[in-house]
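Presented below is the structure to which this report refers.
The values are calculated or read from the model by the stated rules, or taken from the named source; none is laboratory data. Keep in mind it's a predicted model, so treat the numbers as computed, not measured. As a convention, Cβ positions derive from the backbone with ideal geometry for all residues, glycine included, and neighbour counts pool all protein chains shown. Areas reflect the complete protein model, heavy atoms only, side chains present, ligands, DNA and RNA absent. Shrake-Rupley method; radii C 1.70, N 1.55, O 1.52, S 1.80 Å.
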Amino acid sequence: MAHSFEHLIKHLPADARCEHSLAKDEFLFRQQQPATAIFAVVSGRIRLFRDLPDGSRVTLHVARSGETFAEASLFSEHYHCYAQADLASTVMRLNSRQLLAAITANNELGMELSLILAAQVRDTRAMLSLRDIRSANERLLAWLRMNAKGDQMTVFIDRLWTGVSEELGLTREAVYRALAHLQQQGSIERDGRQDGIHAEIIHLLKK
């Protein structure tokens, strides 16, 4: 778990934090439910999404091991999205009221929380900038580059492409067409093997 989050935990009373296990597809909280805590992923993966007035659904963030989420609940009476486990997961729950009291009394803790929130804002802005790219091919390629790891520019896809399409604001069919196009033009190489963790591995190719 990230150092900053561990630091917050150490300064909270024992009754302000607890672990909670979720089965695959189980909801941690729902949109408009009273907000009482923020969370961090101990293991697994949590998808945050929102239902729109037109009946569509948009993925806001996918939180993985060591990442925090629902920080806005510190200053809101209700959760503004759904949180659902993409797979069997364990999360750490931090009581909002007690956390606020702790950071009010400790400037260092307030700075730690500010760093967490700043990282969340940065990631959100990056995703919003992707949605401004009109071409599905270019939007997907930009997302792959943003998530690439190592010198080999490898992207480990740890969920179905349906989940990726919701995050990108594209239909699943548009993502599949974009994948085929990027592969045909030599921008990516797809490794379709499944190793129990990664649904697929994508290699970005230098042109």
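At a glance:
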{"item": "Cβ-based charge dipole, the chain, positive-most Cα from Leu113, Gln84, Ile201", "result": "Ile201"}
{"item": "Nearest-20 debye value, region 59-181 charge dipole, Cβ charges on Lys, Arg, Asp, Glu", "result": "280 debye"}
{"item": "Heavy-atom accessible surface of the chain: percent carbon and sulfur, 1.4 Å", "result": "51 percent"}
{"item": "For the chain, calculated [θ]222 nm from helices alone, where every DSSP H run of n ≥ 4 adds -39500 (n - 2.57)", "result": "-11500 deg cm²/dmol"}
{"item": "Accessible area (Å², 1.4 Å probe, nearest 10) - Tyr82", "result": "40 Å²"}
{"item": "Residues listed by number, region 27-47, amide nitrogen under 12 Å from Glu77 label point at 7 Å toward C-beta", "result": "34-35"}
{"item": "Mean projected area (nm²) of the alpha-carbon convex hull when the chain is viewed from all directions", "result": "12.6 nm²"}
{"item": "FRET efficiency, 1/(1 + (r/R0)^6) with R0 30 Å, evaluated for Gln185 and Asp123 via beta carbons", "result": "0.60"}
{"item": "Straight-distance crosslink candidates among lysines, where the alpha carbon sits under 25 Å from Lys206 and sequence neighbours closer than 8 are dropped", "result": "Lys149"}
{"item": "Average accessible surface area per residue within region 87-207, 1.4 Å rolling probe, Å²", "result": "58 Å²"}
{"item": "Student exercise, region 117-207 dipole from Lys, Arg, Asp, Glu Cβ charges, in Debye to nearest 20", "result": "280 debye"}
{"item": "Charge dipole magnitude, Cβ of K and R +1, D and E -1 - the chain, Cα centre, debye nearest 20", "result": "440 debye"}
